[in-house]
Amino acid sequence: MGKVYDSISDDQRAFIAAQQIFFVASAPLGTEGHVNLSPKGLDCLRVLAPDRVAYLDLTGSGNETSAHLHENGRITLMFCAFAGPPMILRLYGHGEPVLPDSDRWAKLHPLFGEYPGARQIIAIEISRVQTSCGFAVPKYEYVGQRDTLIRWADAKGAEGLEDYRRERNARSIDGLATPLGEDR
């Protein structure tokens, strides 16, 4: 059924590349805080090495993952096979938000396509890779990516996105600061 690995194999890398959606989970340290689980689409994830991945994070209604990583670094990514043989793949690790004004951004950002509203890159050091059967995951036919977020970000423009992030992305729903909320 499930197996544990120290790093991402070539077969797992190919599986990740074939997925049209992945899920990101993070949580604050406190027992009262909310666990966050977010779906991610578009072509925004890159396997950098067998023990490192990164994804381009676009402006959204919240910024929970960034706040949690800023506090404690814990993160899990999950990929499910909705077509082909069943499988679930989880990547456990320690993540860090990389902001546009950093040297790391200058190195990582060229790996991704141009998307309006890119607010940060989440860089993750992988400590555990785990597969499980996925036997109960339903089959779905992929139709295409939505362009709603792209159109929304284009309509906001750079200044509107900056204002939006300052207003809506500076703190988590539990009040944790994000790197975007710090004096910059």
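Taken together, THR31, THR59 contain a single residue that is free of Cβ contacts under 8 Å to residues at least 40 places away in the same chain and within 23 Å of LEU176 (Cβ to Cβ), which is THR31.
Look at (1) without any contact (Cβ under 8 Å) to a residue 12 or more places away in the chain; (2) in contact with a strand residue (DSSP E or B) (Cβ under 6 Å, 6 or more places away or on another chain); (3) small (Gly, Ala, Ser) and you find that SER26 fails only one, number (1). Those strands (runs of 3 or more DSSP E) of the range 1-113 in which at least 3 residues are modelled with pLDDT of 95 or more and not aliphatic (A, V, I, L, M), considering only elements entirely within it, cover 22-26, 36-40, 52-58, 74-80, 88-98. Restricting the range 128-157 to residues that are small (Gly, Ala, Ser) and touching a Leu at 6+ places or on another chain (Cβ under 9 Å), the residue that is surrounded by the most Cβ atoms within 10 Å (Cβ to Cβ) is ALA153.
Please work out if GLU141 is within 28 Å of PHE15 (Cβ to Cβ), among the acidic types (Asp, Glu) and part of a loop (DSSP other than H, G, I, E, B). It is true that GLU141 is within 28 Å of PHE15 (Cβ to Cβ), among the acidic types (Asp, Glu) and part of a loop (DSSP other than H, G, I, E, B).
Only one of the listed residues (GLY175, GLY160) is on the phi > 0 side of the Ramachandran plot and surrounded by fewer than 17 Cβ atoms within 10 Å (Cβ to Cβ). That residue is GLY175. So is ALA81 within 14 Å of ILE16 (Cβ to Cβ) and surrounded by fewer than 16 Cβ atoms within 10 Å (Cβ to Cβ) or not? The answer is no for ALA81. Of the residues ASP154, ASP163, the single one that is within 16 Å of TYR115 (Cα to Cα) and assigned to a helix (DSSP H, G or I) is ASP154. State which residue pairs qualify: first residue on the phi > 0 side of the Ramachandran plot and inside the range 133-146, second residue surrounded by 10 or more Cβ atoms within 10 Å (Cβ to Cβ) and modelled with pLDDT of 95 or more in any location, beta carbons under 9 Å apart, and separation of 6 or more residues or different chains. Filtered contacts from the range 133-146: GLY134/CYS80; GLY134/ALA81; GLY134/PRO86; GLY134/MET87; GLY134/ILE88; GLY134/LEU89; GLY144/GLN20. Just to be sure before I move on: is LEU180 touching a residue at least 12 places away in the same chain (Cβ under 8 Å), aliphatic (A, V, I, L, M) and in a helix (DSSP H, G or I) in the structure I sent? Answer is yes for this residue.
Checked against (1) in contact with a Gly (Cβ under 6 Å, 6 or more places away or on another chain); (2) of a type in the set (Val, Ile, Thr); (3) within 21 Å of ARG146 (Cβ to Cβ), ILE75 passes all but condition (3).
The values are calculated or read from the model by the stated rules, or taken from the named source; none is laboratory data. For clarity, every value in this text was computed on a predicted model and none was experimentally measured. Virtual Cβ from ideal backbone geometry, glycine too; neighbours counted across all protein chains shown.
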